[in-house]
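S.K.: First, the structure itself, so that you have it in front of you.
The values are calculated or read from the model by the stated rules, or taken from the named source; none is laboratory data. These figures come from a predicted structure and were not determined experimentally. Here the Cβ positions follow ideal geometry from the backbone for every residue, glycine too, while neighbour counts run over all protein chains shown.
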């Protein structure tokens with residue numbers, strides 16, 4: 001080894017000692033893997049034969065040095081199972097026309113109606129590039145595409161950040177735009193039109209679309225040697241077709257609360273009650289404030305995140321999440337997590353429409369626009385191998401419990417379940433490695 | 001709400017001391033990165049986007065899915 005090499009090695013070791021890192025020899029940029037991969041396999045399963053999802057994702061990062069990097073993410077999702085249609089439960093079985101208008105399906109007496117024709121496969125590809133553009137400035141640009149049999153999305157985003165205060169403070173701004181095309185099974189129903197018999201698509205239009213533009217302002221602040229904070233404000237403006245083409249509302253008797261019965265014409269099959277397709281406004285503005293803190297208590301790390309969101313549909317939500325990463329030995333860790341979420345209902349949320357009253361301009365019985373609380377509890381175990389790759393397994397339980405506003409429950413509805421709890425188990429396996 | 005946020009911000013920043021580059025041993029650890037598990041976070045966002053009326057906050061609002 002030459003004298004120059006010896007000097008380099010000594011300087012590198014001294015630098016490592018100052019930085020607290022454990023590298024034994026001189027650092028060469030070429031030693032870092034050029035490509036690093038992060039892969040994930042996920043199972044999401046709801047109880048009572050509702051939605052099941054198996055999803056795989058792989059993210060590849062190519063490091064070009066000088067803080068320039070390319071990120072590519074490919075995701076595939078397969079959804080099966082049944083999803084609540086929005087119709088209310090009844091003491092008798094209920095028959096509905098499927099979204100394609102090619103057949104009917106029947107819900108047993110007393111059950112919340114679920115549409116069991118739910119089946120979809122989704123592929124998504126995202127790419128982004130990050131690089132410094134001047135001293136203290138970092139620029140990023142990204143694009144994304146996803147496709148399902150009834151939905152196509154394209155999107156793009158730009159971001160810029162600047163470091164201040166010896167890089168203890170970072171201010172960032174970003175903008176994202178997307179264009180989504182909706183091509184529902186059987187066509188997009190005319191909002192609030194009545195569900196028709198099999199083979200009758202006269203209340204369906206073809207395709208529709210929506211645009212979303214998002215703005216994000218962020219501040220990341222190093223609080224001290226062991227604590228870092230991030231604050232974000234985001235503004236999202238969606239316009240276009242925001243209705244769910246598969247959701248319906250029952251039209252009910254103003255006294256009994258039971259769905260108005262209907263008999264399909266002779267020779268036809270179709271719904272045995274009166275149901276209308278939902279209708280949502282064609283614009284939605286959401287704003288949110290997000291704060292997260294990471295703090296190291298020696299080796300363990302606590303992560304806490306809070307979010308407040310409000311929109312012009314009348315929905316307010318609060319989210320709180322905490323994770324504690326606790327090392328086990330030198331190479332493993334466990335991470336318990338807890339998340340609580342609560343939201344108020346949209347102004348136009350209705351569990352049903354009342355027969356004889358004027359049909360409102362907007363109405364939806366989608367439980368996701370109702371008032372509910374949700375709790376997630378989970379545990380992750382991770383291990384870093386001697387080769388430098390890392391795997392982890394995570395098990396979570398997710399529960400939603402909601403309620404229909406008391407003044408919307410009519411007659412017999414009070415003795416039937418109106419807002420079913422949702423229980424889901426989420427299992428995922430991650431594996432990260434470099435090449 | 002704005003006043004509350006401003007108060008939180010001022011309080012948070014007033015407690016800061018400039019951490020020097022050679023004092024970043026803990027902050028430089030991968031588990032201290034705020035973006036430590038981007039794929040995990042993206043999957044979380046996707047699940048909650050499809051089941052709840054809120055999305056985004058940590059990053060852009062998500063979407064690109066007919067599930068909501």
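S.K.: Can you pull out every residue in region A:352-365 that is surrounded by fewer than 23 Cβ atoms within 10 Å (Cβ to Cβ) and assigned to a loop (DSSP other than H, G, I, E, B)?
M.R.: A:355, A:356, A:357, A:358, A:359, A:360, A:361, A:362
S.K.: Can you list the strands (runs of 3 or more DSSP E) lying wholly within region A:223-334 that have 2 or more residues being more than 25 Å from residue A:355 (Cα to Cα)? Reasoning before the result, please.
M.R.: Working: elements: A:227-240, A:248-252, A:275-277, A:283-296, A:301-311, A:316-328.
The strands (runs of 3 or more DSSP E) meeting that bar are A:227-240, A:283-296, A:301-311, A:316-328.
S.K.: Among the residues of region A:147-206, which ones are within 14 Å of chain B (Cβ to nearest Cβ), part of a loop (DSSP other than H, G, I, E, B) and either modelled with pLDDT of 95 or more or buried (at least 20 other Cβ atoms within 10 Å of the Cβ) (or both)?
M.R.: A:168, A:184 - these are the residues of region A:147-206 that are within 14 Å of chain B (Cβ to nearest Cβ), part of a loop (DSSP other than H, G, I, E, B) and either modelled with pLDDT of 95 or more or buried (at least 20 other Cβ atoms within 10 Å of the Cβ) (or both).
S.K.: Would you mind stating whether residue A:381 is touching a residue at least 24 places away in the same chain (Cβ under 8 Å) and more than 9 Å from chain B (Cβ to nearest Cβ)? So that I can check it myself, show each step before the final result.
M.R.: Working: touching a residue at least 24 places away in the same chain (Cβ under 8 Å): yes; more than 9 Å from chain B (Cβ to nearest Cβ): yes.
For residue A:381, the condition - touching a residue at least 24 places away in the same chain (Cβ under 8 Å) and more than 9 Å from chain B (Cβ to nearest Cβ) - is met.
S.K.: Within region A:247-259, how many residues are under 13 Å from residue A:276 (Cβ atoms) and either more than 22 Å from the chain's Cα centre (by Cα) or surrounded by fewer than 23 Cβ atoms within 10 Å (Cβ to Cβ) (or both)? Spell out how you get there, then give the answer.
M.R.: Residues of region A:247-259 under 13 Å from residue A:276 (Cβ atoms): A:247-252, A:259.
Pick out the ones that are also either more than 22 Å from the chain's Cα centre (by Cα) or surrounded by fewer than 23 Cβ atoms within 10 Å (Cβ to Cβ) (or both) and you get A:248-252, A:259.
Residues flagged as under 13 Å from residue A:276 (Cβ atoms) and either more than 22 Å from the chain's Cα centre (by Cα) or surrounded by fewer than 23 Cβ atoms within 10 Å (Cβ to Cβ) (or both) within region A:247-259 amount to 6.
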